[in-house]
Every structure is written in C-alpha cells, then in structure tokens.
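The values are calculated or read from the model by the stated rules, or taken from the named source; none is laboratory data. Not measured: the values here are computed from a predicted model. Positions of Cβ are generated from backbone atoms using ideal geometry, with glycine treated the same way; all protein chains shown enter the neighbour counts. For the accessible areas, the whole protein counts, side chains as well, though only heavy atoms, and no ligand, DNA or RNA atoms are used. Shrake-Rupley method; radii C 1.70, N 1.55, O 1.52, S 1.80 Å.
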Amino acid sequence: TKTAASFWPLLAGICDEAQKDALVEHVRNPAEFGRPIPAPTLSADDPNYSEDGAYWVGGVWPPTNYMIARGLMTAGRGDAAHELAVKYLAGLARTWAAVEPHTIWECQCPEADRPGQRPYEREWVKPEFVGWGGIGPISMLIENVLGIDVNAPERRVEWTIRLTGRHG
C-alpha cells in the first residue's frame, strides 16, 4: 500500500539516488500523490482512496505534507519540495476563500478546494485547526516557497531562490 508514510525514508536519509528519484516521481504523479491538492495520505490509485479526503484514506494533512517536503529537501530535491508546497498552499488559500468559516482546517480534500471529511460521516473535519495546520502557511511558505532555511549547528541562514517574481 502506497501511503504518505512511504516518504519517511527520504527524511531519514537512507535512500540511494535511484530511490530518491522514484519517490519524487510518485509525489509528482497525478495518478498517485500529485493530486490537485497534494499529497494525500493514501495514493489515489489505491482502491480504498477517498476522493473526499476522508482522514487517513486520502486526506491531505499538514504534518505529512511537511514531512514529505522536508524529506525532499534533505534528499537534495528542493525543486520538488517547492512544487509540492506551492501547489498545496495554493489549494489552502483557495479553500480559505471559498469555504465558510474562512479558516485552517484539520485536513484538506485532495480533489477540490474544500476541507476533508470525517470517515464514515458526511461532515467536514475540524475548523480552526491551526495547531499543526499552521505548518503549511508558516513553515512551508518560509522554507519551501520562499526558500529560507536555517542551519542552526552551522549558525547559518540559507536562501535558495526559486521564485522569479517579486518576493522576499
């Protein structure tokens, strides 16, 4: 079963180059994790995948997206982390604008600009969930979109510029 947990080896630093490239392909593949709002917790080609973003069978969760993006960066695949973050944050922004209340939700639907759903129920997940929900609009924006990363042991701030328009 392909799940978001499949990307932990990137963050652990235990993948060889071929494995890193294969995981990048999976995260970009629209038939798997590269959905309109990436990256669902369960690959879209799994028969149990929930297009409604029902919790852990297809919902897009802030901590797993952050783990994937950070793993991609650790693996030297910063461009893929940037792509994931831009697409994810754009989906969050569209959901914020389109859905009342205008807030951060517990998880996101991977197929549409709306929150995920609770499993076996037809109601949305928890609103105002900015605890770990803030990982996207704060950490991923700074680290993956703007490209600012802190290397504390070396007392260094690194800025990898990927945006070509006005920013910073």
Output the residues belonging to the stretch 23-42 that are acidic (Asp, Glu) and in contact with a His (Cβ under 9 Å, 6 or more places away or on another chain). Glu32
Mind checking which residues of the stretch 44-54 are in contact with a helix residue (DSSP H, G or I) (Cβ under 7 Å, 6 or more places away or on another chain) and open to solvent by less than 50 Å² (accessible area, probe 1.4 Å)? Tyr49, Ser50
Report yes if Lys126 is among the basic types (Lys, Arg) and modelled with pLDDT under 95, otherwise no. yes
Which listed residue, of Pro110, Pro137, Pro127, Pro153, is farther than 30 Å from Trp56 by Cβ and of a type outside the set (Asp, Glu): Pro153
Whether any residue in the stretch 92-112 is open to solvent by less than 10 Å² (accessible area, probe 1.4 Å), touching a Cys at 6+ places or on another chain (Cβ under 6 Å) and of a type outside the set (Lys, Arg) is what I want to check. no
In the stretch 115-135, what count of residues is obtained for those that are over 18 Å from the mean Cα position of the chain (by Cα) and either on the phi > 0 side of the Ramachandran plot or open to solvent by less than 40 Å² (accessible area, probe 1.4 Å) (or both)? 2
Index of the failed condition, Val57 passing every other in (1) hydrophobic (A, V, I, L, M, F, W, C); (2) over 15 Å from Cys109 (Cα atoms); (3) open to solvent by 50 Å² or more (accessible area, probe 1.4 Å): (2)
Residues to consider are Ala98, Ala93, Ala85, Ala31; find the one that is aliphatic (A, V, I, L, M), touching an Asp or Glu at 6+ places or on another chain (Cβ under 6 Å), within 22 Å of Val130 (Cα to Cα) and at pLDDT 95 or above. Ala98
I want to confirm something. Restricting to the stretch 136-167 and keeping residues that are in contact (Cβ under 8 Å) with a residue 12 or more places away in the chain and open to solvent by 90 Å² or more (accessible area, probe 1.4 Å), which single residue is farthest from Cys109 (Cα to Cα)? Trp159
Pairs under 8 Å by beta carbon, first residue without any contact (Cβ under 8 Å) to a residue 12 or more places away in the chain in the stretch 43-59, partner hydroxyl-bearing (Ser, Thr, Tyr) and crowded, with 21+ Cβ neighbours inside 10 Å, six or more apart or different chains? Tyr49/Ser43
Checking the structure you have, find out if any residue of the stretch 142-163 is in contact with a His (Cβ under 8 Å, 6 or more places away or on another chain), at negative phi, of a type in the set (D, E, K, R) and not in a helix (DSSP H, G or I). yes
Which ones in the stretch 1-43 are open to solvent by less than 60 Å² (accessible area, probe 1.4 Å), of a type in the set (Phe, Trp, Tyr) and not in a loop (DSSP other than H, G, I, E, B)? Phe7
Name the residue that is farthest from the chain's Cα centre (by Cα), counting only residues in the stretch 65-79 that are surrounded by fewer than 22 Cβ atoms within 10 Å (Cβ to Cβ) and more than 13 Å from Ser139 (Cβ to Cβ). Gly76
